[in-house]
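Undergrad: Got a structure for you, written out below as structure tokens; questions coming shortly.
The values are calculated or read from the model by the stated rules, or taken from the named source; none is laboratory data. It should be emphasised that the depicted structure is a prediction, and the values quoted were computed from it without experimental measurement. Because the Cβ atoms are built from the backbone with ideal geometry, glycine has one as well, and the counts that use them run over all protein chains shown.
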Amino acid sequence: MRVRKTASLTAEKVKQVVGDYLADGRREDRDGESVKISCNAMLRNAAALFSKQMLAEYQNTGLALSNLPLVSCISILRIS
């Protein structure tokens with residue numbers, strides 16, 4: 001899946017990526033718990049890129065970001 005703007009990244013697309021990642025892990029005979037942990041770590045890292053602290057740092061360096069509804073869809077997802 002290709003996403004060029006964060007505004008086009010929806011909760012459904014994130015769920016699709018998560019589902020695909022988990023399915024790939026099963027096909028590769030990876031440990032299910034390991035796959036979940038890796039996926040959750042990727043989601044946390046993605047959400048951290050758009051944390052309030054990082055957004056403030058981006059602004060302090062002159063980088064203005066927009067199209068950020070992605071934050072809410074990443075922050076609510078967790079594989080259980």
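Undergrad: How about the chain: which helices (runs of 4 or more DSSP H) wholly inside it have at least 2 residues that are at pLDDT below 70? Reasoning before the result, please.
TA: Numbers: elements: 11-27, 32-48, 52-60, 70-75.
Hits in the chain: 70-75.
Undergrad: Cβ contacts < 8 Å: first residue without any contact (Cβ under 8 Å) to a residue 24 or more places away in the chain and within 16 Å of V14 (Cα to Cα), restricted to segment 25-41; second residue of a type in the set (D, E) and surrounded by 10 or more Cβ atoms within 10 Å (Cβ to Cβ), any location; separation 6+ or different chain. Result?
TA: Qualifying pairs under 8 Å: none.
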